[in-house]
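Asker: I'd like to ask some things about the structure below.
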Amino acid sequence: MDIKSLQLFVFLSESLHFGHTALRCNLSPSAVSRQLQRLEDSVGQLLVDRNNRHVRLTSAGEVFLTYARKAIYDWQQMQSLLRETQTQISGELSVFGSVTASYSILTQILPKLRESSPGLDVKLRTGDQADGIERVLSGDEDCAIIARPDQLPSKLTFLPLLGTPLRLIGPTTPGAFSDMIEKCVAEKHEPNWSKTPMILAERGLARKRLLKYFSDNDGQPNIYAQVAGHEAVVSMVSLGFGLAVVPELVIQHSPKQETVRVLPWLNELPPFALGLCALQEQLKDPLLQAFWKCSLESYPNQLKPERVLNGQ
C-alpha cells in the first residue's frame, strides 16, 4: 500500500462518489475502482459497499479509514521532519571580543541562537577588543564584537547593538592621590591634567578619543602607565595609580567596581557604539547569516545598522 492509494481511499470515504474522487485524484473512475480493488485485495476485506444506488463504507472500511488517516498523518510528519533536518544549518563560527563585551552582548544572543540553530557551534575567543577588526580582516575570525571606529574599513559591515558612554574613573582607596581628587570634586574644578597621572589602554578607541580631546583643548595628559585592555585599566585605577577613561559597560561588569568611582569630568567624549563586525562578502555564509539574524532579533531596539543582510 502506498500513500497515494491511502489518500484516494480517504477522498472516496469523504465524497462517497467515484466520479468526484476521480476528479480530485486526477484519475478516471475506472482507475479509482482498480486502486480500491488492490487495497481490498491487500486487506482481504471488502472496504466499500457499492452498487448503482449508493456507495458506503463497510465496517472493515471504517476501521481501515482510521488506519489510513493515521498513516497519512505520520507520513506528513516524517516528511516535515526530514525537510527541517535538510535545512538546519550546522558548523562552527568563530567570534572574537573582549571578556566584558562578549559577556554583555552574547548573554542575550546565545540562548536564542541555541534554540533556533542548535547545530551552530560558536567558538568564542577573547582578547583586547582593539584587535577585533584586524582579526576579522585577516580571516582569523568570522565575526568580532567591537566598538565602531570613526572610520570603518570598506570591506567590513557593522551591526550596532547597544551604546555605552565613556566615563572618567578614579580610585576610592584612601591616600594622598584620592584626597587630591576629592578636593577637586568638592571645589568643582578639574585637576591639573599635566600633573595628574593617567592610565591608558595601549591601543583602541578610548585611547584615541581621550588623546584627541586633549589635543583639541591644547592639553597634555600625564601618562603614568599603558596597559592592554579596559579591564586591566580599571584594575590599575582601583590600585590608586591614576585616573582613566573607560566604557561605562566595563565598569558595570568589573569585579573592581566597588574600588573605583565615576568622576564628573571629560563627559564630552563621544560614546561607544558596540556591535558586530564581519566581512561584507562573508554575510552570504549561512552560519554567519544565522548569527547575524539572531543578533538582530535579540536587540530589537538596536541603533539603525549601516548595512544589514538583504531582507532583514
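Asker: Which one of Pro29, Pro160, Pro191 has the biggest mean-square fluctuation once the chain is modelled by GNM with Cα springs under 10 Å?
Answerer: Its mean-square fluctuation being the largest, the pick is Pro29.
Asker: Of the labelled options (1) 1.74; (2) 1.10; (3) 0.95, which one gives Cα Rg over 2.2 N^0.38 Å as computed for this structure?
Answerer: Working out Cα Rg over 2.2 N^0.38 Å from the coordinates points to (1).
Asker: Hey, can you grab everything whose amide H is under 5 Å from the amide H of Ala228? Only 5+ residues off in sequence or another chain; H modelled, so Pro and N-termini drop out.
Answerer: HN-HN under 5 Å from Ala228: Glu202.
Asker: Okay, next question. What is the antiparallel percent of DSSP beta bridges lying wholly in the chain, to the nearest 5? Write out the running numbers ahead of the final one.
Answerer: Numbers: 23 of 38 bridges.
Looking only at bridges with both residues in the chain, the antiparallel portion is about 60 percent.
Asker: What list of ³J(HN,Hα) couplings, whole Hz, do you get for the range 34-45 from phi and the Karplus terms 6.51, -1.76, 1.60, once you set θ to phi - 60° and write x for glycine and proline?
Answerer: 5, 5, 5, 4, 5, 4, 4, 5, 5, 6, x, 9
Asker: Give me a comma-separated list of calculated 3J(HN,Hα) values for the range 144-158, in order, Karplus coefficients 6.51, -1.76, 1.60 applied at θ = phi - 60°, integers in Hz, x for any Gly or Pro.
Answerer: Per-residue couplings from phi come out as 9, 8, 9, 8, 5, x, 5, 10, 8, x, 4, 6, 9, 10, 10 Hz.
Asker: Before anything else, pin down the relative contact order of the range 11-55: Cα pairs under 8 Å, at least 6 apart, normalised by residue count, whole percent.
Answerer: Working: 23 pairs, mean separation 12.8, N = 45.
Computed over the range 11-55, the figure is 29 percent.
Asker: Step through the residues of the range 287-294 one at a time and calculate ³J(HN,Hα) from phi using the Karplus curve (6.51 cos²θ - 1.76 cosθ + 1.60, θ = phi - 60°), rounding each to whole Hz and writing x for Gly and Pro.
Answerer: Coupling constants for the range 287-294: 5, 5, 4, 5, 5, 5, 4, 5 Hz.
Asker: Same structure, new question: Amide H neighbours of Asp121 under 5 Å, at least 5 residues apart or on other chains, H built in the peptide plane: list them.
Answerer: Hits under the 5 Å cutoff: Gly91, Glu92, Leu93.
Asker: The range 190-235: which trypsin sites (Lys or Arg not before Pro) are DSSP loop and have at most 13 other beta-carbon atoms within 10 angstrom? Working shown, then result.
Answerer: On the way: sites: Lys195, Arg203, Arg207, Lys208, Arg209, Lys212; in loops: Lys195, Arg203.
Answer in residue order: Lys195.
Asker: Less than 20 Å apart at the alpha-carbon level, and either on another chain or at least 8 residues along: which aspartates and glutamates does that give for Lys4?
Answerer: Of all the aspartates and glutamates, those that pass the test against Lys4 - Cα under 20 Å, at least 8 places apart if same chain - are Glu14, Glu40, Asp41, Glu62, Asp74.
Asker: Here's a follow-up. List the aspartates and glutamates whose Cα lies under 13 Å from the Cα of Lys212, skipping any in the same chain that are fewer than 8 positions away.
Answerer: Excluding near neighbours in sequence, the set is Asp150, Glu268.
Asker: Right, something else. Search the structure for amide H atoms under 5 Å from the amide H of Ala144, placed 1.01 Å from N in the peptide plane, and list their residues when 5 or more places away or on another chain.
Answerer: Phe96, Cys277
Asker: Separate question: What is the local net charge at Thr100, summed over the other residues whose Cβ is closer than 14 Å to its Cβ (Lys, Arg +1; Asp, Glu -1)? Intermediate values should be presented prior to the final figure.
Answerer: Details: positive: Arg167, Lys256; negative: Asp128, Glu231, Glu248.
Neighbourhood net charge equals -1.
Asker: Contact order normalised by length for the chain, with contacts defined as Cα pairs under 8 Å and 6 or more residues apart; what percent is it? Don't jump to the answer; show the numbers that get you there.
Answerer: Working: 485 pairs, mean separation 65.5, N = 312.
Rounded, it is 21 percent for the chain.
Asker: Highest GNM mean-square fluctuation, the chain, Cα pairs closer than 10 Å: which of Leu243, Leu12, Leu205?
Answerer: Of Leu243, Leu12, Leu205, the most mobile in the Gaussian network model is Leu12.
Asker: Here's another thing I want to ask about it. Counting only C-alpha contacts under 8 Å and six or more residues apart, can you give the relative contact order of the range 210-279 as a whole percent?
Answerer: Working: 33 pairs, mean separation 18.8, N = 70.
So the answer I get is 27 percent.
Laboratory data are not the source of any read-out in this text; all were calculated from the coordinates shown. Owing to the predicted nature of the structure, the values given are computational and were not obtained by experimental measurement. No Cβ is skipped: glycine too gets one built from the backbone with ideal geometry, and neighbour counts run over all protein chains shown.
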